[in-house]
Structures are given as structure tokens and as C-alpha cells.
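The values are calculated or read from the model by the stated rules, or taken from the named source; none is laboratory data. Just so we're clear, the structure is a prediction, and the values are computed from it rather than from any experiment. Reconstructed Cβ throughout: ideal geometry from the backbone, glycine too, with neighbour counts over all protein chains shown. To get the accessible areas, we keep the full protein, side chains included, count just its heavy atoms, and leave off ligands, DNA and RNA. Shrake-Rupley method; radii C 1.70, N 1.55, O 1.52, S 1.80 Å.
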Amino acid sequence: MTDTITAYKLFNVDWTCNGFQFGVGKTYTHEGEVRACKSGFHACTDPHDCLSYYPLTGRAALVELSGKIDKHDDDSKVAAERIKIVKALSNGEFISAIVKKAIAERLEGETATGDLGVASATGDLGVASATGYLGVASATGYLGVASATGDRGAASATGYRGAASATGDRGAASATGYLGVASATGDLGAASATGYLGVASATGYLGAASATGDLGAASATGDRGAAMASGYAGKAKAADGNALFLAERDGDWNIIHVFAGISGQGGIEPDTWYTLRDGKPVEVA
């Protein structure tokens with residue numbers, strides 16, 4: 001089939017994917033057969049599906065697929081003859097896209113719109129949304145999504161590949177499942193990812209991001225925020241002036257070194273991923 005599709009794609013931190021170098025704003029054409037999972041340029045129309053193929057520890061982008069198109073049978077993955085990297089997305093923007101799409105599709109779940117409202121989704125593909133002041137949203141099933149958009153709201157996603165988003169001021173987002181993602185975009189927000197390969201992103205003023213699971217990643221890109229990675233082989237990055245905290249563990253998960261610094265000082269480059277090796281912060285992809 002021939003079509004034009006808007007989709008999402010994850011890359012390594014240097015904008016490569018499967019050894020191919022991409023660039024924002026550029027268009028690329030594949031020569032030859034186009035087959036999903038085999039050949040062509042690939043992306044997913046549902047951003048949540050991207051996490052099945054790449055962790056959210058590199059780059060994310062909104063893309064446009066065109067020319068010959070072949071769709072995957074099992075999820076929203078698409079192979080295309082041409083791809084244009086339309087726009088780079090922050091972790092927070094990518095996670096928000098996951099939440100917005102899930103809510104728009106109205107999968108199994110609940111919505112609480114009043115102040116002090118509580119929404120809970122326990123089934124697979126569940127969506128819980130709390131939009132009022134002090135609202136609470138909880139999604140516990142596989143691929144669950146929890147969203148709290150009011151001030152001081154709390155969102156929790158505990159299932160496999162769950163996503164939690166808190167967009168109001170002083171909001172809290174927690175993702176505890178494998179491949180979970182948590183985003184706090186309001187001022188004084190907190191994002192926590194405790195599962196394996198979890199990602200926590202805090203983009204607001206005085207925000208805090210914590211990744212405690214193995215291979216977890218935490219980023220603080222707002223003003224005067226803090227990012228902490230304390231799991232095995234975890235990594236963190238922070239904007240200029242933000243705090244960076246790292247822990248190093250041995251093969252038995254014992255803490256053997258810790259590091260605290262300020263991005264932009266002492267050799268710590270802003271907006272750069274770091275892990276701790278032999279007690280020293282080391283740049284990683």
C-alpha cells in the first residue's frame with residue numbers, strides 16, 4: 001500500500017538506529033523491498049509500542065512515513081520507503097504522547113474529573129485519568145497508562161511497560177514496572193521509575209527525577225532540578241545548573257561508589273548522559 005503516516009521513533013543518543021545515521025529535519029529513502037521487521041525504515045504510530053524495540057534512553061522523534069508502506073501484524077510498527085525526522089521530542093513530550101493517545105482511544109479504564117478524584121484501571125490496556133486538583137490515577141495492568149493533570153496530582157503505573165504522567169504543579173508520577181516510564185512536567189514535580197530499564201523525566205522548575213531500577217535512566221531538564229540514578233548500571237543527565245547524583249554497584253548490587261555534582265561544573269557537561277565507573281562519572285550513550 002502507499003500512504004503518508006505520522007509516527008514515533010526512538011534512536012540512540014547520537015541519532016543512529018541499527019547502524020544508520022539520522023538527522024532531524026532530514027528525509028531518507030530506502031532502496032529495495034519494504035517489509036515490516038525486515039527492511040525499510042521503521043516507526044510506530046502508537047508511541048507506547050516503541051518501547052518494545054528501544055528503551056527511552058536515547059532520542060525520540062515525531063516522524064513522517066511515506067511511499068511504500070507495510071504494517072506489522074502484531075502492533076503499530078510500520079515499515080516505509082521514506083522517512084522524515086520531523087521533530088525531536090523530549091522524554092516528557094514522548095511520554096505525554098503515550099498518555100494522550102491512550103486516553104483518546106478510551107481503552108478500559110476510568111476518568112475522575114473533580115477535585116480529590118480517584119481513577120483506577122486494573123485491566124490490561126487500562127487507562128486511568130485524574131484531571132482535578134489533588135486527583136489520583138492508578139493503572140496496574142499490562143500496558144497501563146495513568147495521567148494526573150491537576151495541581152498536586154499523583155499518577156502511578158505499576159504494570160509491565162506502564163506509563164505515568166503528572167503535568168500539574170507539585171505532581172508526582174511513578175512507574176514501577178519493567179520498561180516503565182514516568183514524567184513530571186509541572187513545577188516542583190517528581191518522577192520515579194523503579195523497574196528494570198525504567199525512565200524518569202522531570203522537566204519543570206525544581207523538578208526531581210529518580211531511576212532506581214537496573215539500567216534505569218533519569219533526566220532533569222528544567223531549571224534547578226535534580227536527576228538521580230541509583231540502580232545497577234543506571235545513568236542520569238541534567239540541564240545546566242541542575243544536580244546530578246550517581247551510584248555505582250558491583251555484581252552483587254552492593255553500592256561501592258557514589259557521586260554528586262552540578263551540571264555545567266567540575267567537568268560535568270549539561271544534557272549529557274553519565275554513569276559511574278570506578279568512582280568517576282563517565283559519558284555514555
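Give region 205-232 a look and list any residue that's open to solvent by less than 50 Å² (accessible area, probe 1.4 Å) and aliphatic (A, V, I, L, M), or say none. Please lay out each step first, then the result.
Keep residues of region 205-232 that are open to solvent by less than 50 Å² (accessible area, probe 1.4 Å), which gives 207-211, 213-214, 216-220, 222, 225-227, 229-231.
Listed by number, the residues that qualify are A208, A209, A211, A217, A218, A220, A226, A227, A229.
Going by the conditions given, is K26 modelled with pLDDT under 95, loosely packed, with under 15 Cβ neighbours inside 10 Å, of a type outside the set (V, I, T) and more than 23 Å from K237 (Cα to Cα)?
Values: modelled with pLDDT under 95: no; loosely packed, with under 15 Cβ neighbours inside 10 Å: yes; of a type outside the set (V, I, T): yes; more than 23 Å from K237 (Cα to Cα): yes.
So K26 fails the test.
Which of the residues belonging to region 259-285 are small (G, A, S), assigned to a loop (DSSP other than H, G, I, E, B) and without any contact (Cβ under 8 Å) to a residue 24 or more places away in the chain? Even if it seems obvious, please write down each step before you answer.
Taking region 259-285 first, the residues small (G, A, S) are 260-261, 263-264, 266-267, 279, 285.
Now restrict to residues that are assigned to a loop (DSSP other than H, G, I, E, B): 263-264, 266-267, 279, 285.
Of everything in region 259-285, those that are small (G, A, S), assigned to a loop (DSSP other than H, G, I, E, B) and without any contact (Cβ under 8 Å) to a residue 24 or more places away in the chain turn out to be G266, G267.
Hey, among the residues in region 1-31 that are in a loop (DSSP other than H, G, I, E, B) and of a type in the set (S, T, N, Q), which one's nearest to S76 (Cα to Cα)?
Step one: filter region 1-31 for residues in a loop (DSSP other than H, G, I, E, B), giving 1, 3-4, 12-15, 18-19, 22-26, 30-31.
Going one step further and asking which of them are of a type in the set (S, T, N, Q), we end up with 4, 12, 18.
Numbers: T4: 14, N12: 20, N18: 19 Å.
Going through the qualifying residues, I end up with T4.
Being assigned to a strand (DSSP E or B) and open to solvent by less than 60 Å² (accessible area, probe 1.4 Å) is the filter here; which residues of region 32-57 pass it?
Of the residues in region 32-57, the ones assigned to a strand (DSSP E or B) are 35, 39, 41-44.
Residues satisfying the conditions are S39, F41, H42, A43, C44.
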Residue under evaluation G204, criteria (1) part of a strand (DSSP E or B); (2) among the small types (G, A, S); (3) within 24 Å of A164 (Cα to Cα), criterion not met: (1)
Leading residue by the ranking (nearest to V284 (Cα to Cα)) among those in region 237-258 that are in contact with a Ser or Thr (Cβ under 7 Å, 6 or more places away or on another chain) and assigned to a strand (DSSP E or B): K237
Condition broken by R161, with the remaining ones in (1) modelled with pLDDT of 85 or more; (2) more than 19 Å from A236 (Cα to Cα); (3) surrounded by fewer than 23 Cβ atoms within 10 Å (Cβ to Cβ) satisfied: (1)
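Can you tell me how many residues within region 77-132 are of a type outside the set (V, I, T), assigned to a strand (DSSP E or B) and either modelled with pLDDT under 80 or open to solvent by less than 60 Å² (accessible area, probe 1.4 Å) (or both)?
Just the residues of region 77-132 that are of a type outside the set (V, I, T), to begin with: 77, 79-82, 84, 87-94, 96-97, 100-102, 104-110, 112, 114-117, 119-121, 123-126, 128-130, 132.
Keeping just the survivors that are assigned to a strand (DSSP E or B) gives 77, 79-82, 84, 87-89, 109-110, 112, 119-121, 128-130.
After this cut, where a residue has to be either modelled with pLDDT under 80 or open to solvent by less than 60 Å² (accessible area, probe 1.4 Å) (or both) as well, the list is 77, 79-81, 88-89, 109-110, 112, 119-121, 128-130.
So the answer is 15.
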Counted residues, region 249-285 - those being at pLDDT 95 or above, surrounded by 13 or more Cβ atoms within 10 Å (Cβ to Cβ) and at positive phi: 1
Evaluation of K68 against (1) touching a residue at least 60 places away in the same chain (Cβ under 8 Å); (2) open to solvent by less than 50 Å² (accessible area, probe 1.4 Å) (one fails), failing number: (2)
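Yes or no: G177 out of contact with any His (no Cβ under 6 Å at 6 or more places or on another chain), not in a strand (DSSP E or B) and not basic (K, R)?
On the way: out of contact with any His (no Cβ under 6 Å at 6 or more places or on another chain): yes; not in a strand (DSSP E or B): yes; not basic (K, R): yes.
Criteria met by G177.
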Residue in region 60-74 that is modelled with pLDDT under 90, closer than 17 Å to R161 by Cβ and either touching a helix residue (DSSP H, G or I) at 6+ places or on another chain (Cβ under 8 Å) or among the small types (G, A, S) (or both) present: no
